[in-house]
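See structure below.
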């Protein structure tokens with residue numbers, strides 16, 4: 001096992017005023033045996049960063065180290081890395097054995113073993129080496145494909161092809177395994193299965209692994225640590241739990257999970273925290289660090305909020321604010337409620353005169369009505385102002401139709417002050 005170090009890594013395409021900066025001054029220390037994810041939207045620089053590590057792109061500046069080796073000028077085949085491509089890059093005219101053995105044969109060829117050249121073209125010769133047979137069968141065993149060695153690639157499912165590509169990368173026992181969105185071509189159930197397979201193999205082998213993905217579930221569910229990238233730079237590097245619970249910015253909160261994001265003002269502050277106005281009501285927050293009058297941005301995860309009818313039985317849990325359900329989205333095990341909590345901070349009350357005023361929301365739908373959300377239902381982020389109205393989303397467990405709140409229900413929301421993330425107002 002070895003570590004990987006990126007020091008002030010930058011990569012630009014083009015030159016002068018027309019240059020496009022794909023990777024901008026990235027510093028990373030990836031530990032021995034770590035499963036490390038590069039996460040971010042399309043165009044953020046994550047794949048270019050990986051291609052620089054693999055040797056497929058040359059950095060504009062900065063250094064790349066694998067263990068104690070400086071590898072900027074080392075060709076790809078001498079970097080001791082294994083690569084799993086998004087498209088798998090399997091040879092359709094080879095069977096499974098030849099595909100997995102390819103890296104071994106190329107290594108032997110580079111080492112001057114001329115017989116390896118013949119093995120690239122002959123199944124019989126490729127299988128003639130006991131050492132290659134043993135290593136290929138061991139790799140196929142690791143990925144659960146024992147007995148598939150004579151099958152053609154065209155006879156395999158997408159998941160099986162992905163495992164062949166993984167076996168080909170592992171068979172050479174590289175120091176570092178690089179994976180560029182290898183699960184993006186699989187259906188949801190197969191992606192979940194292959195996530196577990198890849199993580200299990202990585203732990204068994206103990207190989208340092210760098211995994212590129214735009215899928216937050218893949219990154220959060222597989223990685224020891226995650227580097228969230230934005231516009232070629234590192235937005236945040238953290239453990240998955242810290243990235244989710246303590247995002248550095250509202251952009252990070254939006255990208256990783258669903259968030260309610262509200263700009264407001266501190267009205268009271270003390271050593272234990274602060275009170276801010278939320279939808280016309282005061283709410284307590286912890287770990288604020290802001291003074292009275294400062295603008296702050298609140299980030300609240302939908303599942304951190306609890307909801308109940310305003311006239312429901314039971315004691316008031318404290319740190320509450322009221323609203324009315326405007327939308328109900330059924331997601332199987334969960335329900336997402338969209339709740340209007342009143343006027344936005346500093347805005348005139350709905351329906352009043354003045355710039356920016358809007359009419360009050362339309363009459364609610366009949367009790368029990370629900371609306372299906374576009375996409376996944378949970379809107380990703382809800383820093384949503386409808387005119388001067390402020391909306392938040394609440395994720396609740398579905399407990400049966402009898403417990404379902406209907407559109408128009410007046411509700412009371414509560415949240416632990418420690419679950420409210422506070423950032424500077426107006427930050428992105």
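The values are calculated or read from the model by the stated rules, or taken from the named source; none is laboratory data. None of these values were measured; they are calculated from a predicted model. Neighbour counts run over all protein chains shown; Cβ positions are idealised from the backbone, glycine included.
Tabulated data
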quantity	calculated
Answer residue from the range 389-413, given it is more than 28 Å from the chain's Cα centre (by Cα) and part of a strand (DSSP E or B) and is modelled with the lowest pLDDT among those	389
Hey, residue 136 touching a helix residue (DSSP H, G or I) at 6+ places or on another chain (Cβ under 8 Å), at pLDDT 90 or above and assigned by TED's automatic domain parsing to the domain that holds residue 202 or not	yes
Contacts under 6 angstrom Cβ, first residue in the range 146-173 being assigned to a strand (DSSP E or B), partner surrounded by 13 or more Cβ atoms within 10 Å (Cβ to Cβ), 6 or more apart	152/95
Members of the range 174-187 found to be within 15 Å of the chain's Cα centre (by Cα) and either part of a helix (DSSP H, G or I) or modelled with pLDDT of 90 or more (or both), listed by number	179, 180, 181
Considering residues of the range 202-217 that are in contact (Cβ under 8 Å) with a residue 24 or more places away in the chain and out of contact with any strand residue (DSSP E or B) (no Cβ under 9 Å at 6 or more places or on another chain) only, the residue farthest from residue 136 (Cα to Cα)	206
Residue in the range 84-99 that is assigned by TED's automatic domain parsing to the domain that holds residue 210, out of contact with any strand residue (DSSP E or B) (no Cβ under 7 Å at 6 or more places or on another chain), more than 30 Å from residue 134 (Cα to Cα) and without any contact (Cβ under 8 Å) to a residue 40 or more places away in the chain present	no
Conditions (1) part of a helix (DSSP H, G or I); (2) modelled with pLDDT of 90 or more; (3) surrounded by fewer than 17 Cβ atoms within 10 Å (Cβ to Cβ); (4) in contact with a helix residue (DSSP H, G or I) (Cβ under 8 Å, 6 or more places away or on another chain); number of the one not met by residue 193	(2)
Per-region count, the range 67-90, residues part of a loop (DSSP other than H, G, I, E, B) and touching a helix residue (DSSP H, G or I) at 6+ places or on another chain (Cβ under 6 Å)	2
Selection status of residue 142, more than 17 Å from residue 85 (Cα to Cα) and either surrounded by fewer than 19 Cβ atoms within 10 Å (Cβ to Cβ) or in contact (Cβ under 8 Å) with a residue 60 or more places away in the chain (or both)	yes
Check on residue 64, at pLDDT 95 or above, in contact with a helix residue (DSSP H, G or I) (Cβ under 7 Å, 6 or more places away or on another chain) and not in a loop (DSSP other than H, G, I, E, B)	yes
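Residue-by-condition table, conditions (1) surrounded by fewer than 18 Cβ atoms within 10 Å (Cβ to Cβ); (2) modelled with pLDDT under 90; (3) within 17 Å of residue 392 (Cα to Cα):
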residue	(1), (2), (3)
236	no, no, no
240	no, no, no
243	no, no, no
257	no, yes, yes
260	no, no, yes
279	no, yes, yes
